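The values are calculated or read from the model by the stated rules, or taken from the named source; none is laboratory data. What you are looking at is a predicted structure, and each value in this text was computed from that prediction instead of being measured. Virtual Cβ from ideal backbone geometry, glycine too; neighbours counted across all protein chains shown.
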Amino acid sequence: METRSPSFRPCPGAETLIEITEDDFCPQEIIERAKSTAAGAVVTFLGTVRDDGLREMVVEAYPEAALAELDKICNEAADRFGLTSVYIIHRLGRLAVGDNIVLIVVSAAHRREAFGGCSFILEELKSRVPIWKKEIFDGGERWVGT
Amino acid sequence: MKIKVRAFASFREMLGSELELDLPDESSVQELLDALASLNPRFCSEAFDRSGLLKDYVLLMKNRKRLDRDSMNQALEDGDEVAVFPPVSGG
């Protein structure tokens, strides 16, 4: 039986939004913006502060470099997975347990491209974008990953 | 020439978020780091190993582009912005 591979067409016209902000965001609002008649799939990743016994988390960025890198990742993902829209919002500043940290919403014609694109963006963000998290405990603090 | 240094995360806590160093013309990235190390003993011990080599976890950018270890002898220019930071951990 012949199977067809999904078409990961370049999508230069993808709608994108990239933000690094101290403000909280509403995932549902972004999901609504990502919906379109060209997209049959919207995939969302929402990262939140896990309760690992910490009192709070502090998020810091090199904003100009982080925005430029997110922009590159966004374009790479849109091209590679044929996404119709990409929304990335990363919080900065002091966050409490349960707070939103990062939101990635992508839309595509089909689920495979949308899941692939969302996962690609998250992994690239975690390895390339100059953003750092510090965990503050009652008895101390540590920069994540160092 | 004046070089702007921006430090982030643990290195910001040692060096401050932004400082400007006045270096001789055509100083290299390595010479900039040596100047930072002589200004700040804590940065020196955290960023360099005992033989004076920059530790692997110290990451650098020049004018917002990543610098690899082969570029340490690259000459800087007046007004360059060099960033120093540990591995990223966003997301």
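Of note:
- For the stretch A:120-140, filtered to residues that are free of Cβ contacts under 8 Å to residues at least 40 places away in the same chain and facing chain B (nearest Cβ under 10 Å), the residue that is nearest to A:Ile20 (Cα to Cα) is A:Lys126.
- Long-range neighbours under 7 Å by Cβ, at least six apart or interchain, first residue facing chain B (nearest Cβ under 10 Å) within the stretch A:53-69, second among the small types (Gly, Ala, Ser) and part of a loop (DSSP other than H, G, I, E, B): A:Glu60/B:Ala9
- At least 3 residues being surrounded by fewer than 13 Cβ atoms within 10 Å (Cβ to Cβ) and without any contact (Cβ under 8 Å) to a residue 60 or more places away in the chain is the threshold, and among the strands (runs of 3 or more DSSP E) wholly inside chain B those reaching it are B:18-22.
- If you go through the stretch A:102-143 and keep only what is within 13 Å of A:Phe45 (Cβ to Cβ) and among the basic types (Lys, Arg), you end up with just A:Lys126.
- Applying the condition of being surrounded by fewer than 15 Cβ atoms within 10 Å (Cβ to Cβ) and assigned to a loop (DSSP other than H, G, I, E, B) to the stretch A:10-24 and asking which residue is modelled with the lowest pLDDT yields A:Pro10.
One line per residue, one yes/no per condition, for (1) within 14 Å of chain A (Cβ to nearest Cβ); (2) closer than 20 Å to B:Met1 by Cα; (3) small (Gly, Ala, Ser):
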| site | (1), (2), (3) |
| --- | --- |
| B:Asp25 | no, yes, no |
| B:Val29 | no, yes, no |
| B:Asp34 | no, yes, no |
| B:Glu46 | yes, no, no |
| B:Leu54 | no, no, no |
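- Criterion applied to A:Ser119, A:Ser107 was being crowded, with 18+ Cβ neighbours inside 10 Å and of a type in the set (Ser, Thr, Tyr), and the one residue passing it is A:Ser107.
- A residue that is within 15 Å of B:Ser89 (Cα to Cα), buried (at least 16 other Cβ atoms within 10 Å of the Cβ) and within 12 Å of chain B (Cβ to nearest Cβ) occurs nowhere in the stretch A:71-84.
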